[in-house]
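Please read the structure below before turning to the comments.
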Amino acid sequence: MRAQVAMEYLVVLGLSMAIVLPLWLYVNNEMNASRQELQFAYAKLAVHKIADAADLVYIQGEPSQLRVQVVFPDNIQAATVDLKEVMIKLSTPAGLTDVYAVTLGDVQGTLPTRAGPVVLLIKSEGTFVNITEGG
């Protein structure tokens, strides 16, 4: 009798695991995909916000300047500002992905590569726009 009860418990436990494990794997996979999409959206928003601010300062000319706060994603590998481009390289499961925005005028400067909110100083220097970290 006890062996039959123990066997029934094992069968119920096995069936429960057969249902829960695939469901857990599916939810975990979807959560990781959503996290990657969110990081990509953060990077896209950051580069476009920086490029828009650089365009505004470039159009206004010297001595205009602007401070903007952007949020850099967790999986950032590099961030560059060069010529007419603001670019962030993201590390993804498929490899490196470039997220960039094009500006009206030449831009130069440095962007931090740490994750989280960053305040940037965007300043017109005559023929180009300088972008640096500045609180």
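The values are calculated or read from the model by the stated rules, or taken from the named source; none is laboratory data. Predicted, not measured: the structure shown is a model, and the values here were computed from it. Note that each Cβ is placed from the backbone with ideal geometry, even for glycine, and that neighbours are counted across all protein chains shown.
Miscellaneous remarks
- Residue 84 passes every criterion in (1) within 24 Å of residue 35 (Cβ to Cβ); (2) modelled with pLDDT under 95; (3) surrounded by 14 or more Cβ atoms within 10 Å (Cβ to Cβ) apart from (1).
- Test set (1) among the charged types (D, E, K, R); (2) out of contact with any Leu (no Cβ under 9 Å at 6 or more places or on another chain); (3) within 15 Å of residue 121 (Cα to Cα) - residue 55 fails condition number: (2)
- Members of segment 7-64 found to be among the charged types (D, E, K, R) and either within 20 Å of the chain's Cα centre (by Cα) or exposed (fewer than 10 other Cβ atoms within 10 Å of the Cβ) (or both), listed by number: 30, 35, 37, 44, 49, 52
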